[in-house]
Amino acid sequence: MDNPGQKNIVIHIHFYGFLADYTAARRIVLDVPNETSVAGLLKILSDLYPAAFRQEGANLEDDRSVVKVFRNNELITEETILQTLESSDEMRLFPAISGG
Amino acid sequence: MPDTIAWIDLSKSTVRYTEIDPQLVRLYLGGRGLGAKLLFDLVGPEVKPFDPENHLIFTTGPFSGRPWPTASRTHVTFKSPATGAYGYANTGGHVGPELARAGFIALVISGKASTPVYLKVTQKKVVITPAEALWGLGTYATQDQLLGEAGENGKSGRVICIGPAGENGVGIAAIINDYGRAAARGGPGAVMGSKNLKAIHVLSDGPFQSSAEFNQATKKASHHLITDPKNKGLMAVGTNILLRSKNKGGDLPAKNHQLGQVPFIDQIDPKALDHYRIKKVGCASCPIRCSRISEVKEGDYQTEVEGPEYETMDSFGPMCWNSNPEVVIRANYLCNEYGLDTISTGVTVAFAMECAEHKLLSDPELSLEWGDPASILGLIEKIGRRAGIGDILADGVKNAAVKIGRGADAFAMQVKGLEMPRQEPRFAKGFGLGHATSNRGADHLYGMPAIDLGGNWDVARQIFAEEIVEELMDPANEKYKADMLVYGEHYCAITDALGICKFSTVEEYSQMPADLLPGLESLGMAMTEEKLLEIGERIVNLERLFNVRCGLTRQDDYLPKRFTTEPLPLYANETDPVTGETHLGQYLRSGQLYDFDGMLDRYYKLRGWNTQGCPEKDSLIRLGLVKEGEVAIGKGALIG
């Protein structure tokens, strides 16, 4: 994610459920540009791991979104998805399948 | 609050009325709790499911008939023909609230009428009424006959009834209400049929008043459910929102659990189903409104039906390797019309197809090939009528496997005799344990252990010790699935006892037990969250004691061998960026249950049960179940 002249921040990301299977990782550390929002991070992850996120509503504004995102243990909602990330933020991403 | 119990003896054609003992409400609330207590006291181990001495108990809860969000549920308790042990079923719609408004917390039905009857229920009054003219009718026609033209709008009351399957003693028969809701699991329709009871028609004098405090608590709870982002998908799409993500994660049981994914997900996903959706509907007092009316306008499968929801979609879709949603919609309609459990029927059809694949079963008219629409729909009708091989299949897969022999039990996806609901235990491991240990047989709604699958990280941190949360929230990690299940079972029991829907509680933990307390307090039932959860624990333990008394042990808490001996491959769902079509691509890993006994041991330990799954003395004392323990286990077992 390096761009010359642009300051990056480090984000810790935990994947759960099939997101861990599709990304072949349970935890990654990602450098993203300063001022990246949660929505921006989801876009970056969708580009990095298209099979994991495509059609799973990584855009939380989608009624059919089945991804739950927690930033430092707080659930991200439509109202908070544009929050700007800070260095060392801990993100947890779940494919929210639930019951039946 | 509904306070009257009607004791209906169909053999003697008598109805007796009593007021509910307030102590029972304090200990069990109502609904499932009250049903469990009454069944335990009334039906001993010597009673067989179709004996007149078996009881069919309809119960409502303290919230029933009130505006509390999702207070729509009706509970039915009975000794189950599917399991030969504890049985219950639970349905939404409108009939439960109507029954509560008529003043009833329970209808306790025993005996057997000499000729077909139905019950006409009005304000605190039950009349046993001849029903010869209704016998043989499907459930839609039965409701039409009893309700007249007012029908579905509820002005002439609400009906709960059986169809031909229940009349024919089909062991997987359901009770149908409100033109498309079902108290389905465990064969309650067959028990009702065995009593020559065709229907119950309920017409109350109308709503009762709730206090300002209750209405205020209701308003707050409703607002919370509507605005909670966790409920957005369920409100917008219904339960079929699960289809795509389950297919990605290997949790979409297919081909009788030989697979956990299908290559035809695009054909059955919510977008495909939108083509058939004509209306969004909901149960009484429900702000979520997860249900949909579907219509196939023309062709071989022309039908209009409420549904199909996720469980039905998987049962007649992937499980039978059927990619045509129109066939699922038609299958849903036929099950409703005959009065059949869509889960058990779909699993039974899939069982028949796998038996046919192994040359263990054949039919002169149906190919029984995977995905064959004529076989799926034809088998439903044969099961409903007990015609041809339908007679072999009518009592579910466990009994059918015994009749077929030659190793057919390997294809019987059931626990305790009840067909498995639509989760895949090798990927959804909490559900695997829950299906195995549920007291009514394989059941996703007994504990709804999906805090991990639902991604409810915040809920897990609130409930469990911090040091176990990370492992608990990993669906592949077996270590703490028992912890998640035990908590879920208590909360599910409370939910059922109050008469509310699990989509407002354990599905997303949108409401926690503490959120229910203001409603209870305004009804004069103030208690702590711990005491409320203890009621849930009491109910689960009493249900377990019923099964212990029926002779069930640890051996009855296991999954079919397929789940512990056959690893299940997971393939990436890959979507073509140009066509948008999804296919199964790269192999990722295999799902497997590694130490099921370890999960079971922890579950028993957390519960305070011995290694055979029987509640121990300390637990029974703590829960106030010593007397019931003595009845179930014997006085000697509790001494010392």
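Take the Cα of B:THR227, step 7 Å along the line toward its Cβ, and report every residue of segment B:504-523 whose backbone nitrogen sits under 15 Å from that point. Hits in segment B:504-523 for B:THR227 at 15 Å: B:511. Using a ≥ b ≥ c from the Cα gyration tensor of chain A (square roots of the eigenvalues), is it rounded, prolate or oblate, where a/c under 1.5 gives rounded and otherwise the larger of a/b and b/c decides, a/b for prolate? Taking the square roots of the gyration eigenvalues as a ≥ b ≥ c, chain A is prolate. For the residues of B:445-457, the average number of beta carbons from a partner chain within 10 Å of their own beta carbon is 5. Extension gain for the segment B:LYS561 to B:VAL47, taken as residue separation times 0.36 nm less the Cα-Cα distance, is 182.0 nm to one decimal. For the pair B:LYS279 and B:THR553, the difference between a 0.36 nm per residue extended length and the Cα-Cα distance amounts to 94.0 nm.
With the convex hull of the Cα atoms taken as the outline of segment B:238-412, the averaged projected area works out to 10.0 nm². Annotation for B:LYS271 and B:LYS635: the two label points, set 7 Å from Cα along the Cα-Cβ direction, are 6.9 nm apart. The helix-only estimate of mean residue ellipticity at 222 nm for the protein assembly as shown, built from DSSP H runs of length n ≥ 4 each weighted as -39500 (n - 2.57), is -10500 deg cm²/dmol after division by the residue total. Of all aspartates and glutamates in the structure, the ones whose alpha carbon falls short of 13 Å from that of B:LYS479, not counting any fewer than 8 places away in one chain, are B:ASP452, B:GLU467, B:GLU470, B:GLU471, B:ASP595, B:ASP597, B:ASP601. Just list whichever of B:LYS37/B:LYS124; B:LYS398/B:LYS561; B:LYS246/B:LYS561 have alpha carbons separated by over 18 Å in the model shown. Where the Cα-Cα span goes over 18 Å, the pairs concerned are B:LYS37/B:LYS124; B:LYS246/B:LYS561. Given R0 = 45 Å, the distance between the Cβ atoms of B:ALA514 and B:ALA141 translates into a calculated FRET efficiency of 0.45.
Peptide A:68-81 has a mean shielding of 3, counted as Cβ atoms of other protein chains within 10 Å of each residue's Cβ. For segment B:265-370, the list of GluC sites (Glu not before Pro) that fall in a loop by DSSP and count at most 14 other C-beta atoms within 10 angstrom reads B:GLU298, B:GLU365, B:GLU369. Applying 1/(1 + (r/R0)^6) with r as the Cβ-Cβ distance of B:LYS125 and B:LYS220 and R0 = 35 angstrom yields a FRET efficiency of 0.50. A simple spin-label model places the labels of B:ALA526 and B:ASP576 6.7 nm from each other, with each point 7 Å out along Cα-to-Cβ.
Going by neighbour counts of Cβ atoms within 10 Å, the residues A:PHE15, B:PHE464 line up, fewest first, as B:PHE464, A:PHE15. The listed peptides B:467-474, B:199-206, ordered by packing as a protection proxy, come out as B:199-206, B:467-474 (highest mean of other Cβ atoms within 10 Å first).
Taking the average, over residues, of other Cβ atoms within 10 Å as the packing measure, peptides B:394-407, B:605-618 rank B:394-407, B:605-618 from highest down.
Taking a quarter of the surface of the Cα convex hull of segment B:4-202 gives a mean projected area of 9.8 nm².
Residue separation of A:ILE44 and A:ASN73 scaled by 0.36 nm, minus their Cα-Cα distance, works out to 8.4 nm of gained length. When peptides B:281-291, B:86-96, B:31-41 are sorted by average Cβ neighbour count within 10 Å, with the highest value leading, the order is B:86-96, B:31-41, B:281-291. Across the options B:VAL349, B:TYR310, B:ASN336, the greatest Cα extent toward the positive end of the charge dipole of segment B:238-412 (unit charges at beta carbon of Lys, Arg, Asp, Glu) belongs to B:TYR310. Going from the fewest other Cβ atoms within 10 Å to the most, the residues B:LEU366, B:LEU418, A:LEU45 appear in the order B:LEU366, A:LEU45, B:LEU418.
When the Cα gyration tensor is reduced to axis lengths a ≥ b ≥ c, the ratio a/c stays below 1.5 for chain B, which is therefore classed as rounded. Here the label points at B:GLU470 and A:ILE28, each 7 Å from Cα along the C-beta direction, are separated by 2.0 nm in the simple model. For segment B:475-526, the share of alpha carbon pairs falling in successive 10 Å distance bins from zero is 23, 47, 23, 6, 1 percent. Over all other residues within a Cβ to Cβ distance under 15 Å of B:GLY407, the charged ones net out to +2, with Lys and Arg as +1 and Asp and Glu as -1. Length, then width, then depth: along the principal axes, the Cα atoms of the protein assembly as shown run 90, 62, 57 Å. Neighbouring Cβ atoms from other chains, within 10 Å of the Cβ of residues in A:13-24, number 6 on average.
No lab work stands behind these numbers, since they all come straight from the coordinates. None of these values were measured; they are calculated from a predicted model. All Cβ positions, glycine included, derive from the backbone under ideal geometry; neighbour counts span all protein chains shown.
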